[in-house]
Amino acid sequence: MKEFLRSTLATIVGVLICGFIFAIIGITALAGMLAMSSAETVVKNNSVFVLDLEGIVTERYQASPIDDFIDSRMHTHGLDDILASIQKAKENGKIKGIYLNAGTLVCSSASLQEIRKALSDFKKSGKFLVAYGDSYTQGSYYLASVADKVIVNPAGSLAWHGLAGESIFYKDLLEKIGVKMQVFRVGTYKSAVEPYIGTEMSPANREQTQAFICSIWNEMTKDVAASRGISTDSLNLLADRNMDFQPAEAYVESGLADTLMYKDEVLAYLKSLAGTEEEASLATLTLRDMANVSAEKPKNNSGNTIAVYYAFGEIDNAASHDEGIDSEKMCKDLRKLREDEHIKAVVLRVNSPGGSAYGSEQIWREVSLLKAEKPVVVSMGDYAASGGYYISCAASQIVAEPTTLTGSIGIFGLIPDISPLLNDKLGIHIDGVKTNRLADLGSMGRALNEEEGELIQNMVNNGYKLFIKRCSEGRGLPADSIMRIAEGRVWTGSMAKELKLVDELGGLDTAITLAAGLSGTTEYNIASYPEKEDFLTSLMNTGTDRYINSRIKSTFGELYNGMQLLRHVDEADRLQTRMPFELRIR
């Protein structure tokens with residue numbers, strides 16, 4: 001018995017000692033990770049900022065501790081981090097230039113345009129800007145075309161083929177499994193419901209999609225023509241040839257690229273530009289390194305602040321709001337900005353295809369109250385459509401990129417009828433009793449009847465009237481004028497400016513300058529909201545769902561958002577103000 005107790009006690013002591021040792025190791029590792037995450041990057045003389053044009057670009061990205069453990073080339077980058085890094089590279093005297101390393105880039109049109117403008121502004125510093133790619137996508141080439149020298153691998157490729165817009169239709173699939181979508185909408189062009197009720201684009205949707213992709217393509221060819229000295233007509237002829245499949249020599253002959261080099265030759269070329277000896281190592285900085293490089297511009301001591309509030313993703317539609325707009329949280333945040341006397345103006349950065357009509361109305365209310373206290377300028381990103389436009393229309397001024405997708409002033413409701421699936425496929429039947437005629441509206445056991453359908457359609461009609469009213473009041477236009485350009489139609493920023501849905505064309509910097517002018521503030525600091533999580537908070541919030549979502553996004557890339565829409569269709573608000581698609585430049 002004594003021997004048993006001795007062995008048991010020794011085992012317990014051993015477990016406690018091992019647990020203590022592992023705890024010390026874990027705390028030490030965590031402290032090291034915290035130190036690394038907050039340590040300022042030391043910039044060496046003659047450094048080169050290497051901007052990898054690879055992965056997924058989103059409006060704003062909260063880095064997660066699990067990022068390093070996901071083995072994927074399709075990492076996510078925040079547009080805000082990219083723009084800030086380019087600005088730091090311009091201002092830091094130790095950084096001699098930027099090297100654009102082109103790859104598979106998934107990025108929407110307005111974000112591409114904003115990055116390209118930042119790169120063009122960087123060139124004013126007199127520093128070098130060089131681009132190289134084994135395989136340029138059309139989006140990465142659009143950015144690279146602004147460089148002093150565009151280099152292609154002798155065995156590489158360069159995509160230049162034009163734009164195409166496509167939608168996926170689920171009607172036949174849903175019918176096969178016994179599901180029918182009951183649709184209620186207002187707006188001839190409100191095409192978000194089409195994937196569920198048809199097998200091809202409607203004439204109205206085809207018309208609007210053709211119009212906005214041509215508008216975006218015209219912007220792209222105009223920018224490339226100016227940088228490369230090639231006419232837009234010639235660029236269209238090259239696109240008709242589909243340059244993706246042409247030999248590398250054709251890119252130089254056509255003027256799309258300047259020269260062909262292998263990677264070792266590019267490295268030697270960069271060393272010569274940076275003033276680095278051939279036998280020495282080239283000092284480089286990655287996007288992650290640049291995040292911890294101090295800005296050269298000193299902080300202003302005036303106490304005045306221009307707040308930039310980021311509102312991106314769907315409105316209230318996702319089960320988790322980590323990747324969307326939580327209307328309740330956003331309303332609270334805007335209320336705090338309204339009450340903060342140090343904040344002289346607010347720039348609302350909107351990048352949203354819309355979502356819940358109810359959530360959009362609540363945010364609209366807070367934006368209206370905020371505007372009554374201080375100027376509110378909206379800066380539209382890739383999308384500010386439907387609900388995204390709803391929350392923007394009350395602003396003092398609206399700024400959009402020429403390729404921003406906006407408008408889509410319309411509304412719809414979507415209710416699935418799964419009775420064929422239950423009755424015919426699964427053999428499940430539902431029956432019951434009720435006290436009043438419409439008490440069982442929405443029952444899974446049957447489709448909506450005519451009276452119920454009219455009731456819901458009236459609700460949709462009233463929602464549309466309210467949307468029109470909000471736009472009319474916000475833009476100072478008669479309701480009839482708004483109705484003529486509404487009907488759910490999507491416009492680009494350049495089109496929307498002509499229609500007076502947008503005041504100015506430009507990016508976030510344009511909006512900040514405009515907000516400062518409206519507030520009469522000449523000296524100010526810029527603060528971003530909501531504040532990003534620090535490393536420890538992010539680590540604590542990294543749960544299983546966040547890890548799984550990161551893995552799915554990493555695997556499916558640009559298809560991720562479409563999958564999320566289908567996944568959460570049953571959780572969406574009953575009235576929707578959203579666009580049906582995501583536009584990516586490939």
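No lab work stands behind these numbers, since they all come straight from the coordinates. Bear in mind the structure is a predicted one, so any value in this text is a computation, not a measurement. For neighbour counting, all protein chains shown are included, and Cβ atoms are generated from backbone atoms with ideal geometry for every residue, glycine included.
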remark   = Listing Y269, Y196, Y262 by rising number of other beta-carbon atoms within 10 angstrom, fewest first, gives Y262, Y269, Y196
ask   = Which lysines have a Cα lying under 16 Å from the Cα of K263, excluding residues fewer than 8 positions away in the same chain?
value = K149, K271
query = Loop-only check: which GluC sites (Glu not before Pro) in the range 188-265 are DSSP coil with at most 12 other Cβ within 10 angstrom?
reply = E200
ask   = Hey, what did the range 184-287 get for relative contact order, percent, Cα under 8 Å, at least 6 apart?
value = 11 percent
query = Using the 10 angstrom Cβ neighbour count as an exposure proxy, how do H342, H429 rank, fewest first?
reply = H429, H342
task = Could you point to the residue in I151, S108, G97 farthest towards the positive end of the range 92-184's charge dipole, with +1 and -1 charges on the Cβ of Lys/Arg and Asp/Glu respectively?
result = G97
Net charge of neighbours whose Cβ lies under 10 Å from the Cβ of K117, counting Lys and Arg as +1 and Asp and Glu as -1 = -4
request  = Excluding P478 itself, calculate the net charge of residues whose Cβ lies under 12 Å from the Cβ of P478, where each Lys or Arg counts +1 and each Asp or Glu counts -1.
outcome  = +2
query = For M459, M330, M444, what's the fewest-to-most ordering of other Cβ within 10 Å of each Cβ?
reply = M444, M459, M330
ask   = What net charge is computed for the residues neighbouring L273, neighbours being all others with C-beta under 12 Å from the C-beta of L273, Lys and Arg scored +1, Asp and Glu -1?
value = +3
ask   = Of K124/K500; K297/K329; K297/K374; K117/K299; K371/K532; K344/K371, which sit over 23 Å apart, Cα to Cα?
value = K124/K500; K297/K329; K297/K374; K117/K299; K371/K532
query = About its Cα centre, what dipole magnitude does the range 72-206 give when the only charges are +1 on Lys and Arg Cβ and -1 on Asp and Glu Cβ, stated in debye to the nearest 20?
reply = 420 debye
remark   = Charge dipole of the range 352-500 built from unit charges on the beta carbon (Lys, Arg +1; Asp, Glu -1), centred at mean Cα; most positive-end Cα among G407, G387, P478 is P478
